[in-house]
Structure formats: structure tokens, C-alpha cells
1. Considering only segment 343-361, state which residues are over 22 Å from the mean Cα position of the chain (by Cα) and modelled with pLDDT of 55 or more.
2. Within segment 254-277, can one find any residue that is modelled with pLDDT of 95 or more, part of a helix (DSSP H, G or I) and not charged (D, E, K, R)?
3. Would you pick out the residues in segment 111-134 that are assigned to a helix (DSSP H, G or I), touching a residue at least 60 places away in the same chain (Cβ under 8 Å) and either at positive phi or surrounded by fewer than 23 Cβ atoms within 10 Å (Cβ to Cβ) (or both)?
4. How about segment 63-102: which of its residues are among the small types (Gly, Ala, Ser) and either without any contact (Cβ under 8 Å) to a residue 12 or more places away in the chain or over 27 Å from Glu229 (Cα atoms) (or both)?
5. Is at least one residue of segment 280-287 aromatic (Phe, Trp, Tyr), surrounded by 15 or more Cβ atoms within 10 Å (Cβ to Cβ), under 17 Å from Met244 (Cβ atoms) and modelled with pLDDT of 75 or more?
6. I'd like to check something: does segment 229-243 contain any residue that is surrounded by fewer than 16 Cβ atoms within 10 Å (Cβ to Cβ) and small (Gly, Ala, Ser)?
7. Within segment 141-183, can you find the residues that are outside any helix (DSSP H, G or I) and buried (at least 18 other Cβ atoms within 10 Å of the Cβ)?
8. Please state which of the following conditions Gly225 fails to meet, knowing it meets all the rest: (1) surrounded by 18 or more Cβ atoms within 10 Å (Cβ to Cβ); (2) touching a residue at least 24 places away in the same chain (Cβ under 8 Å); (3) within 30 Å of Ser98 (Cβ to Cβ).
Amino acid sequence: MLHTNHKMPFLVARTNSEVLKIELDSKSMGNVLLEKVCEKLGIMGPESEYFGLQYTGRKGESLWLNTRNQIDRCLQAPCRLKLKVKFFVQPHLLLQESTRHEFYLQIVEDFLQGALTVTQRHQLIKMASLIAQVETPYHNSQNINLESYTTFIPEPILRDLHNSDDTSELRSLVQDVCSEHSKLGDLTSSLASYKVLQEATLVPNWGVEYYDVLSECERVQYTMGVGPEGITLSDMQHNIIQSMAYSAVLMATFNNRNFCLTILDDFGEKRTICFKLISDKASVGLYRCVTEKHSFYKSDTIRNEVNDQYSRDLKGIIVSMFDEHTSLGKKYIFDIKRTSREVYDQTRRQLHAQGIPDLRLTDIKDGADLSSENCCIICMDSKIQIRFSPCGHTNCCSSCSSMISQCPLCRAAITTMQHVLDIDRHGNGDGNTLIEQPHDLRFKLT
């Protein structure tokens, strides 16, 4: 008698509380579910890799579904998940409106719930007013309901101000948000949401994922944050007590509930610090988080050591004793396919091949501030001045280009460099680009 896979319903919640119901075979891979969700939202191609599906473990811990493995190994019915941004990137790198909208929804949720910690009053007012412009564009009217603006203020701040005996601070904050909102005038919702994403990148804990850990040596509870630039360790009052750049992290390991980091301290000495988490799955989740974020943000490509690492269940271990190439019981540890640079580059290629204009052109027409697009991609400070041959990419200043032998975008060997003046990358302006005579590469690098 043949056993067929039965259909399983999956309920996937978006950050705007909409729930998507998707039915798949019980033996389906996780990436099939993620692709189905993104397809419903109009997110095409590699930009779906910015997202992940999160579920709640038995001890209340938030866990990422590993989309490289079968779903039924990870979840118990009923299957309830949440679509969330897993890897945050700068807004000008988002090439589809649907992707940018999901990023906006995630940022707004994090902002209002206090997960995105905005401590500067002027930045809080600016973000709240921009969100208000997206949700309810400003209209000149004498009947402005100030109380409605409290819905755009983070809940923890609102709660503290409500509990305070002095209500003048809350009234002042709401009035400032309303005043800032009035200055936005006819700013379109699309451009306002883009500016929300821009402002979010200035918040110190933008893109940081947090885990509750217990120090094994001190027996003290900490919060470990893993973000685009490195790892932080904070006390329970959210004060950062240690920051570790990825360049200082030599190794990460896990064993059951234990997670260890081997780092270089300020004196160049190796030091291992160990922590205990609430569950084995939380420990694996932290191990995955550190490795995946480091690979996504800091690597040129995903290394085989990351891509091929896996474990087996008991049945798979027994079978592998006789056939080491069997896939039975194999579970991949990491869930990452491309780096941030590769996702962006591949998305541009796919959109171009399909004849779909990316959002960069729309941003220019709408007046979005994309000045960072004209900055050197290495130092992100000086203006772009050099064009590489033979690949033709124009992305570096003269100072940085003198120290490289490969194009930082496509990794092609550079034979000659050309000085480019008055660069106009997007075609606005008069379009006249002045190019000096090429210089021999060997002369430039000596």
C-alpha cells in the first residue's frame, strides 16, 4: 500500500496582522512555504531571502524555521508562523515596492513595540510624524485630534508617560509630533515610508536580534544582540557592557543549551566566554544567528563550511554507517544562500532580464535622497571617481581604488582605471560624463 503525503495547513501572519493560509504537502521543504508566502505578497526572486518564518518553541522562545529542511521536522500542528525580516539592508538596496513595504511594516511594528530603541527625542518625533504621514496624510484643518497621534508613539514610552503624574510631557510630545507632521505637507506616502526606513538605519540597534543568555562563570543574566556589525552584551537594564566586532570573533560553538564564543580581547589575547540558554533549540538558534549574519553582511560569498554543515537523526546516523552519501535524516544547520551583495546583484539582473524597472528610478523621480548611491562603496565617504576596465563598473573613489586589484562588485580583475568626473549614475541632469585618459593599473598600485 502506497503512503501519500497529506496536505497540511500553514497559517502565516504578517506584521499588519493579516493571516495567510497556505496548504502544502507535509513533507515539503521550508523554502517552498516561504516562496509561496512571498509570491502572494508580490516579492519575486532573491529578495525573498531577506525574510524568514518564525515560530514559537515549547519554552516560549522565538525560533527561525530552517527553510532548507523539511517542515514537519520543525513544527507541530497547528502550524502557525510569522513572516519577519531576517536580514535588514539599507532602503536604497531594496528594488521592489512589495519588499520595501514589508520592511516598512516590520520597522513600524518594532518602533511601536519598543524593539527599535529610539532614545533621541528629535528622532522619535521625526519617525512618528513620518509614520503618521504614511497612515493619515496631513490635511490643513482646525479640527485636529491630538489624541490620535498617540497611536504613532512607542508603547513603552507611552506607558511611562501615562504612569507619570505630570501629563504635560505627553501633551508636549504629541503636539511636537503633530507640528512635525504638518511640515510634511504633500509628501507622498511612498516617499514617507522610504524616509521611515532611512531614519530606522540611524538607530543603534537597527537590525539587531536579541537572545536572553546566562553567563556560566558569573551566573548573571544578560541580553546578547547580534546585528549587521557585530555582537553586543547588555545587562537587564539594556546598558551595553561589551561590544564585539565580527573581526574579533574567532569561533562560535554550541553544545545542548550551552553557547560559547572565542574572541580576541583588547590586548590581542584569545578568550572564551560561555553562556546558557533556555533550550537546546535556542542555543542552536543563536549559533545560527551569529554565523548567518556574519556571512550575510561581511562575506563576499557563502563558504562551503557554512553551506554544507549538517547533522543527522538517529536513523540517519545508522544508515550513514553503510552509506555515507545518504540524505536520510540529514538536517542542515544554516539557512542562508547568498550574501547581501549577491542578493542585490542577482535581483537587479532578474528584474532587468524581465524588463521590470527597479525602484531606484522611481526614487529619483519622486525626489528620494539617494546621495549614498554616489559614494564609494568601500569607504562610503568620498565621491565615486573611478571606472574599472574591463568590467565597466563605477563604484570607487581614487583613494580606495589605488589599494585594490579586483572590482569590489563583480570580483573581476582590473586591468585599467579611468577617472570619471561629474558622474551621473541615474541619468538625471545633463548626462554629460567627462572621462580622463586611462591609467595603467600597475602604476596606480605601486
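1. His352, Ala353, Gln354, Gly355, Ile356, Pro357
2. No, the conditions are met nowhere in segment 254-277.
3. Applying the first criterion (assigned to a helix (DSSP H, G or I)) to segment 111-134 yields 111-113, 121-134.
Checking the rest, the ones that are also touching a residue at least 60 places away in the same chain (Cβ under 8 Å) come to 111, 123, 126-127, 130-131, 134.
Hits for segment 111-134 are Gln123, Lys126, Val134.
4. Start the filter on segment 63-102 by keeping residues that are among the small types (Gly, Ala, Ser), which leaves 77, 98.
Correct list: Ala77 only.
5. Taking segment 280-287 first, the residues aromatic (Phe, Trp, Tyr) are 287.
From what is left, the residues that are surrounded by 15 or more Cβ atoms within 10 Å (Cβ to Cβ) are 287.
Keeping just the survivors that are under 17 Å from Met244 (Cβ atoms) gives 287.
So of that shortlist, the ones also modelled with pLDDT of 75 or more come out as 287.
Taking every residue of segment 280-287 in turn, at least one turns out to be aromatic (Phe, Trp, Tyr), surrounded by 15 or more Cβ atoms within 10 Å (Cβ to Cβ), under 17 Å from Met244 (Cβ atoms) and modelled with pLDDT of 75 or more.
6. Yes, segment 229-243 contains at least one residue that is surrounded by fewer than 16 Cβ atoms within 10 Å (Cβ to Cβ) and small (Gly, Ala, Ser).
7. Kept after step one, since they are outside any helix (DSSP H, G or I), are these residues of segment 141-183: 141-145, 153-154, 164-167, 183.
Those that are outside any helix (DSSP H, G or I) and buried (at least 18 other Cβ atoms within 10 Å of the Cβ): Ile153, Pro154.
8. Result: Gly225 fails condition (2) only.
The values are calculated or read from the model by the stated rules, or taken from the named source; none is laboratory data. What you see is a predicted model, and the numbers here were worked out from it, not measured in a lab. Quick reminder, even Gly has a Cβ in these numbers, built from the backbone with ideal geometry, and neighbours come from all protein chains shown.
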